[in-house]
Amino acid sequence: MAGYKKKDFRRNTPLAGLQKVAEIYEWIERQIYAKNNLVGQCNACGRCCDFDAYDHRLYVSTPEIIYLAASLGVENLKPMTTGKCPYNIDGRCGVYQYRFAGCRIFSCKADVDFQSRLTEAALKKLKSLCTEYEIPYLYTDLASALNSPIVF
Ligand code: SF4
Ligand code: SF4
């Protein structure tokens, strides 16, 4: 199973790199607002964060996990022990400000092609970030990312 290694975070991701993840998230939000007719409504019910029950999967990239770890503190990263995102508390996202690209893009009522295109474009940016900061690019399901031996 792919893991996120200590040296990747400490050595290669300065503050500027983390800021760039935030900028990519902001870019995603701008694309979503600009295509309002394709986005659909989300009432933040949190059902899609219960992946097994909803039959949904969330994939995350290395910079996103690093960003979350840096934002929350590595010690506050939670393993995923059920089929539900561990940050979903009583149906609400407990890390809303730092949530992943997939969380921002997915909507059960939005245009699927739009979501696919936006996902591909966002991943391209995240991958470029890995190249720029010499971080291995991994794109894995959330359980694998959170449950891998993360030793930042
Ligand atoms: S990070 Fe937040 S929005 Fe994303 S799956 Fe987890 S609870 Fe849901
Ligand atoms: S995308 Fe759909 S299932 Fe997910 S939180 Fe929004 S309304 Fe609920």
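The residues listed here are Val112, Val95; of these, the one that is loosely packed, with under 15 Cβ neighbours inside 10 Å, closer than 25 Å to Ser128 by Cα, out of contact with any Ser or Thr (no Cβ under 6 Å at 6 or more places or on another chain) and not basic (Lys, Arg) is Val112. Filter region 55-84 for residues that are of a type in the set (Phe, Trp, Tyr) and at pLDDT below 95 and give the result. Of everything in region 55-84, just one residue is of a type in the set (Phe, Trp, Tyr) and at pLDDT below 95, namely Tyr67.
Being hydrophobic (A, V, I, L, M, F, W, C), in contact with a helix residue (DSSP H, G or I) (Cβ under 8 Å, 6 or more places away or on another chain) and exposed (fewer than 15 other Cβ atoms within 10 Å of the Cβ) is the filter here, so list the residues in region 35-73 that pass it. Residue satisfying the conditions is Ala53 alone.
Please go through region 88-112 and pick out each residue that is aromatic (Phe, Trp, Tyr) and within 13 Å of ligand 2 (Cβ to nearest atom). Scanning region 88-112 gives Tyr96, Phe106.
Does Ser116 fit the bill of being modelled with pLDDT under 95, closer than 24 Å to Arg30 by Cβ and of a type in the set (Gly, Ala, Ser)? Taking the combined requirement at face value, the residue does not satisfy it.
Restricted to region 116-143, and to residues there that are without any contact (Cβ under 8 Å) to a residue 24 or more places away in the chain and closer than 15 Å to Val21 by Cα, the residue that is nearest to the chain's Cα centre (by Cα) is Thr119.
Can you tell me which residues in region 77-99 are among the β-branched types (Val, Ile, Thr) and in contact with a Gly (Cβ under 7 Å, 6 or more places away or on another chain)? Within region 77-99, no residue meets the criteria.
Count of region 34-74 residues, restricted to those that are within 15 Å of ligand 1 (Cβ to nearest atom), in contact (Cβ under 8 Å) with a residue 40 or more places away in the chain, more than 12 Å from the chain's Cα centre (by Cα) and in a loop (DSSP other than H, G, I, E, B), is 5. Pairing each residue of region 98-109 that is within 14 Å of Tyr54 (Cβ to Cβ) with any residue that is of a type in the set (S, T, N, Q) and surrounded by fewer than 19 Cβ atoms within 10 Å (Cβ to Cβ), provided the two are 6+ apart or on different chains, yields C-beta distances under 6 Å for Lys109/Gln41. Of all the criteria given as (1) more than 10 Å from ligand 2 (Cβ to nearest atom); (2) more than 21 Å from Leu138 (Cα to Cα), the one not satisfied by Arg47 is (1). Could you list all residues from region 74-90 that are more than 22 Å from Gln19 (Cα to Cα), hydrophobic (A, V, I, L, M, F, W, C) and surrounded by fewer than 19 Cβ atoms within 10 Å (Cβ to Cβ)? The answer is Met80, Ile89.
The values are calculated or read from the model by the stated rules, or taken from the named source; none is laboratory data. In this text, all values refer to a predicted model and were calculated from it rather than measured experimentally. So basically every Cβ, Gly included, is an ideal-geometry build from the backbone, and we count neighbours across all protein chains shown.
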